[in-house]
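The values are calculated or read from the model by the stated rules, or taken from the named source; none is laboratory data. Bear in mind the structure is a predicted one, so any value in this text is a computation, not a measurement. FYI the Cβ positions are ideal-geometry reconstructions off the backbone, even for glycines, and counts take in every protein chain you see. Note: areas computed on protein heavy atoms with side chains; ligands, DNA, RNA excluded. Shrake-Rupley method; radii C 1.70, N 1.55, O 1.52, S 1.80 Å.
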Amino acid sequence: MYSIWGYRPVTGGDGEELINDLFDPDLDPSSDYRVNPLMSVKNEHNPLYTYNFTANSYVQYRIFDNLILRMTGGYNKIHQRREVFFNSQSRGGHKYSTNKVNAYLTNIERTNFLNENTLTYNVKLKKGHNLKLLGGFTVQDAYYFGSEVRSILIPNESLGIAGMDEGQITQVPISSTSNGLLSYLGRVDYNYNSRYLLTASFRADGSSKFPKDNRWAYFPSASVAWGFGEEPFVKKIRQISNGKFRIGIGATGNNRISDFAALTALQITTDSGYNEGNSAGQGVVPTSLGNSKLKWETTVQTNVGVDLGLFKNRISLTADYYYKETKDLLLNATLAPSMGFLSAYKNIGKVSNSGLEFTIDTKNIETKNFQWTSSFNISFNRNK
């Protein structure tokens, strides 16, 4: 941007144009960084190629009349290649720059796999009694691989990116990482004539991101509802169209940290060398601090609500109270300088949110040719 604003396309003299010059001849290019932005962008090669493959499929088999097996699978693979080349007429490769004609090539590959397997059993126990059972497990896997090659002082710029091997290779960074998640789950749904409803579920999640002792966490949840609008004594009240009272509580987990945050990383760096006698050697140093006690972040939420429909549902009311608490927050916390590291992942702190939510929907006028509806909502939230 500084070149776009700062470079002058003309000198003010008769016929003296600078539109085809990379530098202004009245400036010192070794200390002034302004270049002709149009010429520079014409001499830069910077495309990004992305190849994306996605596949999803499922198989469903009815073992018995009331027992269904469902297996799903999803696969996604993304490959990206970026080519960057600066020739001698560009801002990054002119003769006054440190690297002269230079280039770099980056390749990134990401794959994600998900497999879900569930068994569902539906049964009618007695008149009006319905029961649904579900159990299963899921498997997730993610993989990343990245590589890069940088070359400077390329002698034959006419070859473009293909001439990188003739220059001086300065960096070849390569990195790879992966993580996996295995989950077992179960759920029970029961209802009686749509009046009394009960749901209970349980999850067990194991993540490769945590240490072995804290890899697994367990998250139960339950909810009950009373459809009082279906009760005979309520049906006698013509003004009430439907009504439901509900209450629920449940826990969920969070594992969104880097793949190896629990481990201390060791690396050979440019400044980790040492001398033994007159011979230079390379040393391995810790570059990040692990935490062997790292564990899942957990959120527990409680909700109490009521739904009410009046006058053939021309007026609908919804009211909710909720309390949500998150503990063992996963934080890349700042460390004391005496530790020798700037930060490390820790389970620290607690956050709570509580509040009320109200919604009113009305159908004011409803005819064949004209409709008028209104909606009002208000919420109150307290964060700590």
Inset, instruction - State the percentage of accessible surface on the range 181-238 attributable to carbon and sulfur atoms; use a 1.4 Å probe and exclude ligands, DNA and RNA. - result: 59
Inset, instruction - Pop out the ³J(HN,Hα) list for the range 339-355 in order, Karplus 6.51 cos²θ - 1.76 cosθ + 1.60 with θ = phi - 60°, rounded to Hz; leave Gly and Pro as x. - result: 6, x, 10, 7, 7, 7, 6, 9, 8, 8, x, 8, 10, 10, 10, 9, x
Inset, instruction - Whenever you get a sec, line up 39, 339 from highest to lowest accessible area (probe 1.4 Å, protein heavy atoms). - result: 339, 39
Inset, instruction - Could you rank 384, 95 by how accessible they are, 1.4 Å probe, largest area first? - result: 384, 95
Legend entry - Dipole magnitude of the range 137-265, debye to nearest 20 (Cβ charges: Lys/Arg +1, Asp/Glu -1, about Cα centre): 1320
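Explain nothing, just the number: dipole magnitude of the range 55-146 about its Cα centre with +1 on each Lys and Arg Cβ and -1 on each Asp and Glu Cβ, in debye rounded to the nearest 20.
260
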Legend entry - Low-density loop positions, chymotrypsin sites (Phe, Trp or Tyr not before Pro), the range 1-87 - DSSP coil, at most 15 other Cβ in 10 Å: 33, 64
Inset, instruction - Could you order 325, 83 by accessible surface area, starting with the largest, using a probe radius of 1.4 Å? - result: 325, 83
Inset, instruction - Please tell me the relative contact order of the range 230-347 in percent, rounded to the nearest whole number, where contacts are Cα pairs under 8 Å and at least six residues apart. - result: 29
Legend entry - Accessible area expressed per residue, the chain, with surrounding protein chains retained (probe 1.4 Å, Å²): 65
Inset, instruction - Name the most mobile residue of 127, 346, 100, meaning the one with the largest mean-square fluctuation, in a Gaussian network model of the chain with Cα contacts below 10 Å. - result: 127
Inset, instruction - May I have the count of lysine pairs in the range 297-384 with C-alpha atoms under 20 Å apart, counting pairs 8 or more residues apart or located on different chains? - result: 9
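Over the range 70-138, with every protein chain in place, what whole percent of the accessible area is carbon and sulfur at 1.4 Å, could you tell me?
On the way: 2070 of 3830 Å².
Answer for the range 70-138 is 54 percent, counting heavy atoms of protein chains only.
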Inset, instruction - Place a +1 charge on the Cβ of each Lys and Arg in the range 1-104 and a -1 charge on the Cβ of each Asp and Glu, then give the dipole magnitude about the Cα centre in debye, rounded to the nearest 20. - result: 980
Inset, instruction - Please report, in whole Å, how far the alpha carbons of the range 1-128 spread along each principal axis, starting with the longest. - result: 99, 31, 22
Legend entry - the range 265-347, accessible surface, carbon-and-sulfur percent (1.4 angstrom probe): 54
Legend entry - Label zone at residue 53 (point 7 Å along Cα-to-Cβ), backbone N below 18 Å, the range 118-143: 141-143
Legend entry - Dipole-positive endmost among 67, 206, 111 within the chain (Cβ charges, Cα centre): 67
Legend entry - Proximal charge balance of residue 253 [Cβ under 13 Å; K/R count +1, D/E count -1]: +3
Inset, instruction - Roll a 1.4 Å probe over the protein heavy atoms and report the accessible area of residue 359 in Å², nearest 10. - result: 50
Legend entry - Cβ-defined net charge surrounding residue 76, 13 Å radius [Lys, Arg +1; Asp, Glu -1]: 0
Inset, instruction - Report, in deg cm²/dmol and to the nearest 500, the calculated mean residue ellipticity at 222 nm for the chain, where each DSSP H run with n ≥ 4 adds -39500 (n - 2.57) and the sum is divided by the residue count. - result: -500 deg cm²/dmol
Legend entry - Per-residue ³J(HN,Hα) for the range 160-171, Karplus 6.51 cos²θ - 1.76 cosθ + 1.60, θ = phi - 60°, Hz, x for Gly and Pro: x, 4, 6, x, 4, 5, 7, x, 9, 6, 9, 9
Legend entry - Of (i) 154, 41, 35; (ii) 95, 68, 49; (iii) 95, 49, 43, the label for Cα extents along the principal axes in Å derived from the coordinates: (ii)
